[in-house]
């Protein structure tokens, strides 16, 4: 099951909720380049959710395809090259430390308030979002 479309639907259904993505590349160099592309789009103020949507829908991704998608969503070409790679490695190292401190066993993982939801458990994720929204009301 691919949880990405369900997460995107959750974001769309709850526009008043702040969703924070932490890049955690798990599939080697291509995932690392996708994380760099996401960082570049965020840095430029581009369409991060659109990038996420496009990357999750694409098949056969390589660095050139990732770059095309990132540029279409607002990344700057310079941030996709070696100068951006160093900044992304620092961010990924920070995310990895957080991932390990929280003892997350894999991706995806979601944190809603003080609740951790591991895996693709959309029922628990939806319930946690509803509970957090009810607390705010």
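The values are calculated or read from the model by the stated rules, or taken from the named source; none is laboratory data. As the structure is a prediction and not an experimental result, all values here were calculated from the model. Quick reminder, even Gly has a Cβ in these numbers, built from the backbone with ideal geometry, and neighbours come from all protein chains shown.
Here is a check on your reading of the model: is residue 8 modelled with pLDDT under 90 and in a helix (DSSP H, G or I)? Judged against the criteria, residue 8 is a match. Does residue 60 qualify as being out of contact with any strand residue (DSSP E or B) (no Cβ under 6 Å at 6 or more places or on another chain), within 17 Å of residue 23 (Cα to Cα) and without any contact (Cβ under 8 Å) to a residue 60 or more places away in the chain? So residue 60 does not fit the description; no. For the stretch 85-94, the count of residues that are on the phi > 0 side of the Ramachandran plot and either modelled with pLDDT under 90 or surrounded by 10 or more Cβ atoms within 10 Å (Cβ to Cβ) (or both) is zero. Taken together, the residues in the stretch 46-67 that are surrounded by 13 or more Cβ atoms within 10 Å (Cβ to Cβ) and more than 16 Å from the chain's Cα centre (by Cα) amount to 4.
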